[in-house]
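Engineer: Take this structure first; my questions come after.
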Amino acid sequence: MYMYPFTGYQPDVPKVTHGKGIWLFDENGKGYIDSTSGPMTVNLGHCHPDIIAAMQDQIKRLHFAYRFHFRSDEAEQLAARLVALSDDNKGYAFFMNSGSEASEAAYRIAMDYFRIKGNNKKTLALGRRISNHGNTIQSLTYGDDRARKVNLLNKVIDPAVSDLRLPPYYDLHKPAGCSSDEWLRVCLSETFETIDQIGAEHIACVFAEPITASSGGVLIPHPDYFRELKAGLKARDILLIADEIVTGLGRTGEWFNMRKWETESDITIIGKGLGAGFTPISGVMISKQIGDSLASLSPPHFVGHTYSGNPLSAGVALAVLDTLENKIGMASIRARGSYFGRLLQEMLGDADIIADIRGQGLLWAVETTLGRQRAEEFVQAGHQQGINLYPCRLSGKDGDALTFLFTPPLVISESEMDELVGRFSRVLSRMA
């Protein structure tokens, strides 16, 4: 009756009843390490007491006000806080309920921006191969989640548009003898050749994750990739939309990962960790230039839904930012990430089935030499060992490598990291 209306289908997963920190506990009391923060959302761990207290205070004071009828301090303060934390060209922020909604809103904003400039031809959004930008029909069009959109192709999604894909930078895809710098040139050349063949006059925006997360398993770009991508897009009057739904708000040890690449996006979308699993909330952050242009739009630009910017969710998000800034800190996340990376290398790096270990902050992936068809049995073995595992969708040279994503809660301790990697090591030893 719940969720899956398919005869005979029953998810073979534990039923959890409560959680604390990095742990979830099932109905029999067995504990599981939530190695991907549920997934990539519960960044402060389960049932963080500071957020529970803030949530209780907020719900007693004001939990809802419809944005077209009333203003609220919570939404306005959250927007101002995020703009300040971005410390770049951003001037405005608006709130949605999910990453998919934020993704589609960013696309609509890009089209409206060009409409204001008198260019109605710029209607296409392009994404890259090995990407995920949402689960609405529109966001699936420029995303690359084939499993989710396969039944929509030739119906509500035009394959001729959806198959237009730019290459990501993926170091393990380099041909033998090709340096990282040479591979960067290859990827960027293909990117701009594809754009020029389509015609830049038709393209409003390009979506890109600063580090590709669950789709390919922490694909870290060349240090110059985003600077050169942005320069080429700017020369063609195309907006760069940074999908920081996973990488933003501390996951990589920076408030926003684009700062690591010294590049300003035109629009940034955030989600997941913004509500830390306590409430559905996502955000769209736009440059001051774009926001100032939208202010003159007639009719005005309407994005959002009934719950957009509601005081409860905005208040919770403010408490999440307070905890991240004042009780955890970016330097602490970077230090924990360094420890976690060393631990993965020391405990797993010499194993024959390990093809690559890569990461930044507390965003890591372990790529194996095994095929992804074994993913389900590894997940079940993980549950037996008391750890929840997340196999990535498209990884390896042929897109079929069994790669595991690790995004533990940002509050994880060194001893808990030891336990996490130890349990994963036992899974590998048992299954390999």
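The values are calculated or read from the model by the stated rules, or taken from the named source; none is laboratory data. Bear in mind that the values here come from a model prediction, so they are computed numbers and not experimental data. Virtual Cβ from ideal backbone geometry, glycine too; neighbours counted across all protein chains shown. Ligands, DNA and RNA are stripped out before the accessible areas are found, and what is left, the full protein with its side chains, is counted by its heavy atoms. Shrake-Rupley method; radii C 1.70, N 1.55, O 1.52, S 1.80 Å.
Engineer: When the helix-only estimate is applied to the chain (DSSP H runs of n ≥ 4, each -39,500 (n - 2.57), divided by the residue count), what is the mean residue ellipticity at 222 nm, nearest 500 deg cm²/dmol?
Structural biologist: One gets -11500 deg cm²/dmol as the mean residue ellipticity at 222 nm.
Engineer: Over all distinct alpha-carbon pairs, what is the Kirkwood Rh of segment 288-383 in angstrom?
Structural biologist: So the Kirkwood estimate lands at 18.3 Å.
Engineer: Scan the chain and hand back the longest stretch that contains none of the GluC sites (Glu not before Pro) lying in DSSP loops with at most 13 other Cβ atoms within 10 Å.
Structural biologist: Of all site-free stretches, the longest is 28-261.
Engineer: Would you kindly derive the ³J(HN,Hα) couplings of segment 262-279 from the backbone phi angles with the Karplus curve 6.51 cos²θ - 1.76 cosθ + 1.60 (θ = phi - 60°), listing them in order in whole Hz, with x for Gly and Pro?
Structural biologist: These are the phi-based 3J(HN,Hα) values: 6, 9, 9, 6, 7, 9, 10, 10, 10, x, 6, x, 4, x, 6, x, 7, 7 Hz.
Engineer: Please report the carbon-and-sulfur percent of the accessible area for segment 86-147; probe 1.4 Å, protein heavy atoms only, DNA, RNA and ligands left out.
Structural biologist: Its accessible area is 46 percent carbon and sulfur atoms.
Engineer: Let me ask something else. Over segment 80-141, with the other protein chains present, what is the accessible area per residue in square angstrom, probe 1.4 angstrom?
Structural biologist: Normalised by residue count, the accessible surface of segment 80-141 is 38 Å².
Engineer: Please report, in cubic angstrom per residue, the volume enclosed by the convex hull of the alpha-carbon atoms of segment 73-153.
Structural biologist: So the per-residue Cα hull volume is 124 Å³.
Engineer: Which residues in segment 82-124 have a backbone N closer than 14 Å to a point placed 7 Å from the Cα of Ala295 along the Cα-to-Cβ line?
Structural biologist: Backbone N within reach: 91-93.
Engineer: For segment 138-152, what does the Karplus curve 6.51 cos²θ - 1.76 cosθ + 1.60, with θ = phi - 60°, yield as ³J(HN,Hα) per residue in whole Hz, taken in order and with x for Gly and Pro?
Structural biologist: Taking θ as phi minus 60°, the curve returns 5, 5, 5, 5, 9, x, 10, 8, 5, 4, 6, 10, 4, 7, 9 Hz for segment 138-152.
Engineer: Next question. Beta carbons within 10 angstrom, averaged per residue: use that to sort the peptides 52-61, 267-276, highest first.
Structural biologist: 267-276, 52-61
Engineer: Then there's this: Consider all pairwise Cα distances in segment 175-275 and report the whole-number % of them above 20 Å.
Structural biologist: 41 percent
Engineer: Using only the alpha carbons, work out the radius of gyration and Dmax of segment 224-370 in angstrom.
Structural biologist: 18.8, 62
Engineer: Further, regarding this structure: Taking only protein heavy atoms and a 1.4 Å probe, what accessible area per residue, in Å², does segment 363-432 have with all protein chains in place?
Structural biologist: 37 Å²
Engineer: Non-local amide H neighbours of Gly283 (under 5 Å, H modeled in plane, Pro and chain starts lacking H): which ones?
Structural biologist: The answer is Met96, Ile270, Gly271.
Engineer: A further question on this structure: Using each residue's phi in segment 392-405, evaluate 6.51 cos²θ - 1.76 cosθ + 1.60 at θ = phi - 60° and report the 3J(HN,Hα) Karplus result to the nearest Hz, with x for Gly and Pro.
Structural biologist: Per-residue couplings from phi come out as 6, 7, 10, 8, x, 4, 9, x, 10, 7, 7, 10, 10, 8 Hz.
Engineer: In percent, what relative contact order does the chain have, based on Cα pairs under 8 Å that are 6 or more apart in sequence?
Structural biologist: Computed value for the chain: 23 percent relative contact order.
Engineer: Excluding ligands, DNA and RNA, what is the solvent-accessible area per residue of segment 185-242 at a probe of 1.4 Å, expressed in Å²?
Structural biologist: Per-residue accessible area for segment 185-242 comes out at 32 Å².
Engineer: Please work out the Cα center distance from segment 289-356 to segment 17-46, rounded to the nearest Å.
Structural biologist: 19 Å
Engineer: Still on this structure, please answer the following. Which value, in debye to the nearest 20, describes the size of the charge dipole of the chain about its Cα centre when Lys and Arg Cβ atoms bear +1, Asp and Glu Cβ atoms bear -1, and nothing else is charged?
Structural biologist: 700 debye
Engineer: Could you point to the residue in Ala355, Ala314, Gln385 farthest towards the positive end of segment 310-398's charge dipole, with +1 and -1 charges on the Cβ of Lys/Arg and Asp/Glu respectively?
Structural biologist: Farthest along the dipole direction, towards plus: Ala314.
Engineer: What is the antiparallel percent of DSSP beta bridges lying wholly in the chain, to the nearest 5?
Structural biologist: If we restrict to bridges inside the chain, about 70 percent are antiparallel.
Engineer: What is the diffusion coefficient of segment 100-247 in µm²/s, taking the Kirkwood radius over Cα pairs and the Stokes-Einstein relation at 37 °C with a viscosity of 0.692 mPa s?
Structural biologist: Rounded, D is 209 µm²/s.
Engineer: Let me ask another. Taking amide H positions as placed 1.01 Å from N in the peptide plane, with prolines and chain starts having none, which residues 5 or more places from Asp356, or on another chain, fall under 5 Å of its amide H?
Structural biologist: Glu367
Engineer: Just for segment 147-281, what percent of DSSP beta bridges are antiparallel, to the closest 5?
Structural biologist: Just about 10 percent of them are antiparallel.
Engineer: With every protein chain kept in the model, how would you rank Arg358, Arg81 by accessible area, 1.4 Å probe, largest at the top?
Structural biologist: Sorted descending by solvent-accessible area, the residues read Arg81, Arg358.
Engineer: With a 1.4 Å probe and all protein chains kept in place, how much accessible area does Trp183 have, in Å² rounded to the nearest 10?
Structural biologist: Rounded to the nearest 10, the figure is 40 Å².
Engineer: Amide H neighbours of Ser395 under 5 Å, at least 5 residues apart or on other chains, H built in the peptide plane: list them.
Structural biologist: Amide H neighbours of Ser395: Asp400, Ala401.
Engineer: Fully extended, how many nm does the chain gain between Phe25 and Asp398 (0.36 nm per residue separation, minus their Cα-Cα distance)?
Structural biologist: So the extension gain works out to 130.6 nm.
Engineer: Further, regarding this structure: Over the Cα atoms of the chain, Rg to Rh with Kirkwood Rh, two decimal places?
Structural biologist: Across the chain, the Cα-based Rg/Rh ratio is 0.96.
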